[in-house]
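Undergrad: Below you will find the structure I want to go over with you.
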């Protein structure tokens, strides 16, 4: 198994839907324009405010508020590319964001792990990032890797250690959500350049991208925005996510929450296009909802998944790809709740044309790693992927001649057509267990969660991704050591 990473199996929907009418999309965009022009965004970065001011944005430097006319937003966003490639270590695993397929990622960046051996809950470590990168490298459901938990054994330089563990354990594209600040970002870009090999490849097939969270309501993070500018300068994709929370950091209505988050994201994307026109950006709307009795954050309530789908359509209305929320369950443990929440969001976002999505592998609202959850999520992923494929209605598939040959009350078991095509059917090795009929009561059925746990163990014991070249390994180590000296 060394060096053999199974091919990707993205979701390629044969069917499509719209959840918003053109009128509703226009209403939401107009509302965002109104908020950005009349209320504005808090921007604590002097560097970002200067860029805004140079491009016609009204900037109150003293109060750190920026207000945009619709004209300057439209002019800046006109430069944003609708399609581009997120590269991998090898071209066969590049993600072509052309609107024809959806690629999914792990969740990140959790803070606790159910230990692989002891099964005790503990603080997450760099080794967890590395192990799950190997598991993600093996799974055909995983198009790209978010460092799934944080490397808390390296507190000062955790984001760079997470990249180090990821690049050494998967050939797939890596997306960071923890690199913050200009200095940290420059080290991350340097690491990405080592993986790419040269600046030309870095821009054409970037092996690293960044996700920056906005600050709800209507705020930006200084370190986040300044790291985003460094990534964009190097040609690496940068996305912005709003996690506005219905009832606390957003209005107590779904539409109000969406407008709040949309304004945050659009303001950030506009900055990047002003600074580096044409640089690849993406849009991610993943709001939560406050429980009115406890104040708790919830990400997958009955109403909570609709904004994820609306976010896909808003991203496309602004002319950019999206990162959709498709897993990220509120469940405390793997099981039925995680499965049903994930399946609904993934299906809807895929049907609406999401290019990418994230959330596989964590529970407790994206904070806790159960290693087996990524296998269970993969099972859900493939169920949705297959359900959304086009139905084959060729003469061979409709099998009219076979049906005529067998006739009424016959049996298809002995037909060559049956033998040939049953071999092509695909089954889950977790939920479609091959039991003889009538034997479930005899103890032959095994708990899918236990089987998922065993599969993680098998992958870690048998799969070793293609290693980096020795000069690349040495250079990553050098960069990491240099960063540790600066940040300690």
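The values are calculated or read from the model by the stated rules, or taken from the named source; none is laboratory data. What you see is a predicted model; the values in this text were computed from it and never measured. Neighbour counts are summed over all protein chains in view; Cβ atoms, including those assigned to glycine, are modelled from backbone coordinates with ideal geometry.
Undergrad: Checking the conditions here, which among 151, 48, 130 is over 30 Å from residue 352 (Cβ atoms) and over 22 Å from the mean Cα position of the chain (by Cα)? Steps first, answer last, please.
TA: Numbers: 151 fails: over 22 Å from the mean Cα position of the chain (by Cα); 130 fails: over 22 Å from the mean Cα position of the chain (by Cα).
Sole residue among the options that is over 30 Å from residue 352 (Cβ atoms) and over 22 Å from the mean Cα position of the chain (by Cα): 48.
Undergrad: Next up: Restricting the search to the range 227-256, which residues are in contact with a strand residue (DSSP E or B) (Cβ under 8 Å, 6 or more places away or on another chain), surrounded by fewer than 22 Cβ atoms within 10 Å (Cβ to Cβ) and not in a helix (DSSP H, G or I)?
TA: 243, 245, 247, 248, 252, 253
Undergrad: So which of 472, 464 ends up being under 30 Å from residue 192 (Cβ atoms), in contact (Cβ under 8 Å) with a residue 12 or more places away in the chain and assigned to a loop (DSSP other than H, G, I, E, B)? Outline the logic, then answer.
TA: Details: 472 fails: assigned to a loop (DSSP other than H, G, I, E, B).
Going through 472, 464 in turn, just one is under 30 Å from residue 192 (Cβ atoms), in contact (Cβ under 8 Å) with a residue 12 or more places away in the chain and assigned to a loop (DSSP other than H, G, I, E, B): 464.
Undergrad: Oh, and also: Considering (1) under 24 Å from residue 465 (Cα atoms); (2) modelled with pLDDT of 95 or more; (3) out of contact with any helix residue (DSSP H, G or I) (no Cβ under 6 Å at 6 or more places or on another chain); (4) assigned to a loop (DSSP other than H, G, I, E, B), say which one residue 105 fails and leave the rest.
TA: For residue 105, the exception is condition (4).
Undergrad: Could you list, in sequence order, the residues of the range 315-351 that are modelled with pLDDT of 95 or more, within 16 Å of the chain's Cα centre (by Cα) and outside any helix (DSSP H, G or I)?
TA: 320, 321, 322, 323, 324 - these are the residues of the range 315-351 that are modelled with pLDDT of 95 or more, within 16 Å of the chain's Cα centre (by Cα) and outside any helix (DSSP H, G or I).
Undergrad: Do any residues in the range 298-319 that are farther than 14 Å from residue 357 by Cβ have Cβ atoms under 9 Å from those of residues that are modelled with pLDDT under 85, where the two are at least six apart or on different chains, and which pairs are they?
TA: 298/304
Undergrad: Scan (1) outside any helix (DSSP H, G or I); (2) buried (at least 22 other Cβ atoms within 10 Å of the Cβ); (3) touching a strand residue (DSSP E or B) at 6+ places or on another chain (Cβ under 7 Å) for the single condition residue 152 breaks and write down its number.
TA: Going through the list (1) outside any helix (DSSP H, G or I); (2) buried (at least 22 other Cβ atoms within 10 Å of the Cβ); (3) touching a strand residue (DSSP E or B) at 6+ places or on another chain (Cβ under 7 Å), residue 152 breaks only (2).
Undergrad: Further question: Go through the range 341-367 and report how many residues are over 30 Å from residue 270 (Cβ atoms), out of contact with any helix residue (DSSP H, G or I) (no Cβ under 9 Å at 6 or more places or on another chain) and surrounded by fewer than 21 Cβ atoms within 10 Å (Cβ to Cβ). So that I can check it myself, show each step before the final result.
TA: Pass one, the range 341-367, residues over 30 Å from residue 270 (Cβ atoms): 341-344, 347, 360-364, 367.
If we keep only those that are out of contact with any helix residue (DSSP H, G or I) (no Cβ under 9 Å at 6 or more places or on another chain) as well, we get 341, 344, 364, 367.
Still in the running and surrounded by fewer than 21 Cβ atoms within 10 Å (Cβ to Cβ): 344, 364, 367.
So the answer is 3.
Undergrad: Also: Surrounded by fewer than 20 Cβ atoms within 10 Å (Cβ to Cβ), within 27 Å of the chain's Cα centre (by Cα) and within 17 Å of residue 320 (Cα to Cα), is that true of residue 78? Show your work before the answer.
TA: Values: surrounded by fewer than 20 Cβ atoms within 10 Å (Cβ to Cβ): yes; within 27 Å of the chain's Cα centre (by Cα): yes; within 17 Å of residue 320 (Cα to Cα): yes.
So residue 78 passes the test.
Undergrad: Please indicate, with yes or no, whether at least one residue in the range 398-406 is in contact with a strand residue (DSSP E or B) (Cβ under 9 Å, 6 or more places away or on another chain) and not in a helix (DSSP H, G or I).
TA: First, pick out the residues of the range 398-406 that are in contact with a strand residue (DSSP E or B) (Cβ under 9 Å, 6 or more places away or on another chain): none.
No: zero hits.
Undergrad: Any residue in the range 415-426 that is within 19 Å of residue 341 (Cβ to Cβ), in contact with a helix residue (DSSP H, G or I) (Cβ under 8 Å, 6 or more places away or on another chain) and either touching a residue at least 60 places away in the same chain (Cβ under 8 Å) or in a helix (DSSP H, G or I) (or both)?
TA: To start, the set of residues in the range 415-426 that are within 19 Å of residue 341 (Cβ to Cβ) comprises none.
Among the residues of the range 415-426, not one is within 19 Å of residue 341 (Cβ to Cβ), in contact with a helix residue (DSSP H, G or I) (Cβ under 8 Å, 6 or more places away or on another chain) and either touching a residue at least 60 places away in the same chain (Cβ under 8 Å) or in a helix (DSSP H, G or I) (or both), which makes the answer no.
Undergrad: Still on this structure, I have one more. Kindly check whether there is at least one residue in the range 170-179 that is surrounded by fewer than 19 Cβ atoms within 10 Å (Cβ to Cβ), at pLDDT 95 or above and assigned to a strand (DSSP E or B).
TA: Within the range 170-179, not a single residue is surrounded by fewer than 19 Cβ atoms within 10 Å (Cβ to Cβ), at pLDDT 95 or above and assigned to a strand (DSSP E or B).
Undergrad: Is it the case that the range 257-271 has a residue that's more than 22 Å from the chain's Cα centre (by Cα) and either closer than 24 Å to residue 225 by Cβ or assigned to a loop (DSSP other than H, G, I, E, B) (or both)? If you could, list the steps in order and put the result at the bottom.
TA: Step one: list which residues in the range 257-271 are more than 22 Å from the chain's Cα centre (by Cα), which gives 271.
Subset that is either closer than 24 Å to residue 225 by Cβ or assigned to a loop (DSSP other than H, G, I, E, B) (or both): 271.
Yes, there is a match, as at least one residue in the range 257-271 is more than 22 Å from the chain's Cα centre (by Cα) and either closer than 24 Å to residue 225 by Cβ or assigned to a loop (DSSP other than H, G, I, E, B) (or both).
Undergrad: Would you confirm, using the coordinates I've provided, whether residue 371 is assigned to a loop (DSSP other than H, G, I, E, B), within 30 Å of residue 121 (Cα to Cα) and more than 16 Å from the chain's Cα centre (by Cα)? Step through it out loud before you land on a result.
TA: On the way: assigned to a loop (DSSP other than H, G, I, E, B): yes; within 30 Å of residue 121 (Cα to Cα): yes; more than 16 Å from the chain's Cα centre (by Cα): yes.
Spelling it out, residue 371 is indeed assigned to a loop (DSSP other than H, G, I, E, B), within 30 Å of residue 121 (Cα to Cα) and more than 16 Å from the chain's Cα centre (by Cα).
Condition check ((1) without any contact (Cβ under 8 Å) to a residue 24 or more places away in the chain; (2) over 25 Å from residue 106 (Cα atoms)) across all residues:
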{"position": "196", "(1), (2)": "no, no"}
{"position": "203", "(1), (2)": "no, no"}
{"position": "207", "(1), (2)": "no, no"}
{"position": "221", "(1), (2)": "no, no"}
{"position": "243", "(1), (2)": "no, no"}
{"position": "247", "(1), (2)": "no, yes"}
{"position": "265", "(1), (2)": "no, no"}
{"position": "283", "(1), (2)": "no, no"}
{"position": "294", "(1), (2)": "yes, yes"}
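Undergrad: Look at the range 16-50 and say how many of its residues are within 19 Å of residue 285 (Cα to Cα), outside any loop (DSSP other than H, G, I, E, B) and either touching a residue at least 24 places away in the same chain (Cβ under 8 Å) or touching a strand residue (DSSP E or B) at 6+ places or on another chain (Cβ under 8 Å) (or both).
TA: 10
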